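What follows is a single structure, written as structure tokens, with notes after it.
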Amino acid sequence: MRFLLKAFGWAALLTGNCLNAMAAEVGCYRDDVMAALSTSPVTSSAASSETASKAGFRVSLKPLTMSPSIRRIRIVIGEVEAASVPGPRFWSEFSWPASNPDAYVEVETLNGDRRRYDFLGEWALFRFLGQARITPESDTSGQAQFDFGGLQVTYQIKTATATQFNVLQKLSDYPCLESMP
């Protein structure tokens, strides 16, 4: 029964009808849950990439502030790459699903050190955004604060719909517990 509740929660998330209680419950994007969900006869059509692409989960990010010791940050999600350096800042839009689902963030400091943070699998965009503390400013936008190995970065974040932004807030509010299936 618990699995079916999670499966229905994912189906609601994918079709854009996120329920607050379900959003908290589905805060984990574990591969075993995703594999089970994608083969469930109850939700497989809602979880299909065709349905998901119609749902069109889009997130735009624009850097606001970064630790002074950062030279450059590079975010790669699917086939979209966005580099941020001190100076002029621009919006980058990321969509889910992507033909290449993996994502990573590479942080380069002024002394030349590079750190890479990988987010793998079909839910990589959500795994990446799940690392942020998201503070709303409107129904579809806010700030996303990340900590990359002690280096702070804040992005302006916006989504296509209020429902999508609500999903991102739930990721921020309800971190994944290791004990959850």
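Here are the numbers for this structure:
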read-out: Counted residues, region 119-136 - those being more than 19 Å from LYS62 (Cα to Cα) and either in contact with a helix residue (DSSP H, G or I) (Cβ under 7 Å, 6 or more places away or on another chain) or at pLDDT 95 or above (or both); value: 4
read-out: Matching residues in region 81-109 - criterion: being within 15 Å of GLY56 (Cα to Cα) and under 15 Å from the mean Cα position of the chain (by Cα); value: GLU93, PHE94, SER95, TRP96, PRO97, ALA98, PRO101
read-out: Any hit, region 129-148, residues being under 17 Å from ALA103 (Cβ atoms), assigned to a loop (DSSP other than H, G, I, E, B) and either among the polar types (S, T, N, Q) or without any contact (Cβ under 8 Å) to a residue 40 or more places away in the chain (or both); value: yes
read-out: In region 112-128, residue nearest to ALA162 (Cα to Cα) [restricted to those that are part of a strand (DSSP E or B) and of a type outside the set (Lys, Arg)]; value: PHE119
read-out: In region 131-157, residue surrounded by the fewest Cβ atoms within 10 Å (Cβ to Cβ) [restricted to those that are over 15 Å from the mean Cα position of the chain (by Cα) and farther than 23 Å from GLY87 by Cα]; value: SER138
read-out: Members of region 87-104 that are within 14 Å of PHE126 (Cβ to Cβ) and of a type outside the set (S, T, N, Q); value: PHE94, TRP96, PRO97, ALA98, PRO101, ASP102, ALA103
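Listed here are the residues, each with its yes/no results for (1) modelled with pLDDT under 90; (2) farther than 22 Å from GLY150 by Cβ; (3) surrounded by 14 or more Cβ atoms within 10 Å (Cβ to Cβ).
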site	(1), (2), (3)
ILE75	no, no, yes
VAL80	no, yes, yes
ALA83	no, no, yes
PHE90	no, yes, no
VAL105	no, no, yes
GLY112	no, no, no
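The values are calculated or read from the model by the stated rules, or taken from the named source; none is laboratory data. In this text, all values refer to a predicted model and were calculated from it rather than measured experimentally. Ideal geometry is used to build each Cβ from the backbone, glycine not excepted, and the neighbour counts take in all protein chains shown.
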